[in-house]
1. Out of all the residues in the range 180-211, which are within 25 Å of the chain's Cα centre (by Cα) and not in a helix (DSSP H, G or I)?
2. Are any residues in the range 25-46 touching a strand residue (DSSP E or B) at 6+ places or on another chain (Cβ under 7 Å) and closer than 25 Å to residue 180 by Cβ, and if so, which ones?
3. Restricting attention to the range 265-300, report how many residues are at positive phi and modelled with pLDDT of 95 or more.
4. Please go through the range 345-376 and pick out each residue that is among the charged types (D, E, K, R) and out of contact with any Pro (no Cβ under 9 Å at 6 or more places or on another chain).
5. What are the residues in the range 212-227 that are buried (at least 18 other Cβ atoms within 10 Å of the Cβ), modelled with pLDDT of 95 or more and outside any helix (DSSP H, G or I), if any?
6. Right, residue 327: within 21 Å of the chain's Cα centre (by Cα) and at pLDDT below 95 or not?
7. What residue, among those in the range 231-263 that are without any contact (Cβ under 8 Å) to a residue 40 or more places away in the chain and assigned to a helix (DSSP H, G or I), is surrounded by the fewest Cβ atoms within 10 Å (Cβ to Cβ)?
8. I'm checking my understanding of the structure. Among residues of the range 212-242 that are of a type in the set (A, V, I, L, M, F, W, C) and over 24 Å from the mean Cα position of the chain (by Cα), which one is nearest to residue 158 (Cα to Cα)?
Amino acid sequence: MTEQTRPRGAISTSHHLATEAGAAALAAGGNAIDAALAAAATLCVVYPNNVALGGDLVALVRNPAGEIRFLNGTGPAPSGQTLEALREKHGAALPLRGIDTVTVPLGVCGWNSLHEYGAALPWAAHFDAAIRHAEQGHPTARSVAAALVEDQDTLAQDPGARAVFYPDGAPLAEGEPLVQPALAETLKRLAAGGSAEFYEGETADRWIAGLQRLGSRITKQDASEYAAYWGDPIETAFAGLRVLTGPPNTSGFMLLRALNAVAGGAGGTAIEDPLGAGAGALSRAFYEANLVRAAELGDPRFGALSGEELVAVAAPARPIRGGEAIDGAVKASGDTVGLSAVSSDGWAISLINSVYWGFGAHILEPETGIVFQNRGTSFSLDPASPNAFAPRKRPSHTLMPVMVLRGDELVCVPATMGGSAQPQIHAQLLLRQLRGATPHEATHAPRWMVDEVRGDGPARVTAEADLPPETIASIRATGFEIETVPPYTEDLGHSNVIRIDPDGYAAASDPRSDGSAMVV
């Protein structure tokens, strides 16, 4: 294929309007960074249960020289909050929602870091589609409509959220117009003023004051003092490939542990047929990675283990069967977006943006229209935990971008949501592609996840009903309880994959989402 006819690039996201915004950026002369930024801004409008301006970001970026860098845009706890005050107020654990779960949102700062690093288009150009959809409205997506029903009991108690998502007292239904005028005005200010507007300008004054009225300890100094930062990814060799992902405080190490288990690393026995007869052994590897995350993952700046240490450390001893399910299994609350973009000039990005659980903290600040994340709920209130709350500390994170290379040659760029199951989804996507699946086949294949556990209860697996009987039998024989769910259940994640071919790209988006993939 000649340079004149080779595609400019490809983009895959979990909402078709975001994919269209990214594709338009490519068509306008932008690169993969521009496409990702336009898509990310749009997703904050059209997928507010999964991502918002009040959330976090991580990314892996490959530049035309072949260098791969990790961007950490996960926000810290407020400087004025203390572990002692939170223990006095909440007891042994933080709530799942509410003002004390809101950490400093660094997603917009992350966008700025990406733009400065490699964007070809002006900053303001990334907001055109997002502003249009917020101002003029767009059809409420399937995922959003379902989340509005599921979260109604608490989300509708927030005045800002109630006005936008429950305008007549009932949740917006799929296809009904979702109009967000306050958010549109905020996006216009960001487009004109850059990311500084979000952290130091009028927009900062508005959202910080709104959160402080609810009891937040986040100050304007917190907002302006912290920034996203660049670092090095962690990686492992697997099946002749290099698999790269994010270091702590992200969960990328869990993918590397699983792949090492499949390969029989560290003196172990290789797992034969990990998606079939060996699925039980792979599930055990997922389970052990869950235990390591719960016991050890934290912010390395506060003394927690490094990525390499987390890959190598022995898992805590805990039987799969456990005892009675007192607190039960914890499913991955995957309210996040992962998107993939590549361009023919050599740029590529796996980007994850998130508000954590559905609609984050269930707080929509009405002056700005911004939904805020609940990442703070991931902190432990146990002073002995590596993930214990501390001011200016980042909580352990489920987010993790991924890239796959053969030597220095880019092979594929996957991204997924799925909460704590993201490493498991990535492992299954990669294993299927190594068996010959196309990106479409890999994203559309049935999958399963090992749920996180609390207390002494048994470990459970959530499995889609169309998994092969051999796979189910292997998982059950290993000792896991299995909850069967319908095919294409949203809890099993929204994945996106772009494969780089000699003459272009193959791209696919997950049927569990409202997404699409486009080659431009």
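1. Residues satisfying the conditions are 180, 194.
2. Across the range 25-46, the qualifying residues are 35, 36, 39, 40, 43, 46.
3. So the answer is 1.
4. Correct list: 365, 367.
5. Once the filter is applied, which keeps residues that are buried (at least 18 other Cβ atoms within 10 Å of the Cβ), modelled with pLDDT of 95 or more and outside any helix (DSSP H, G or I), the range 212-227 yields 216, 217, 218.
6. no
7. 263
8. 214
The values are calculated or read from the model by the stated rules, or taken from the named source; none is laboratory data. Every value quoted in this text rests on a predicted model; they were computed, and no experiment measured them. Quick reminder, even Gly has a Cβ in these numbers, built from the backbone with ideal geometry, and neighbours come from all protein chains shown.
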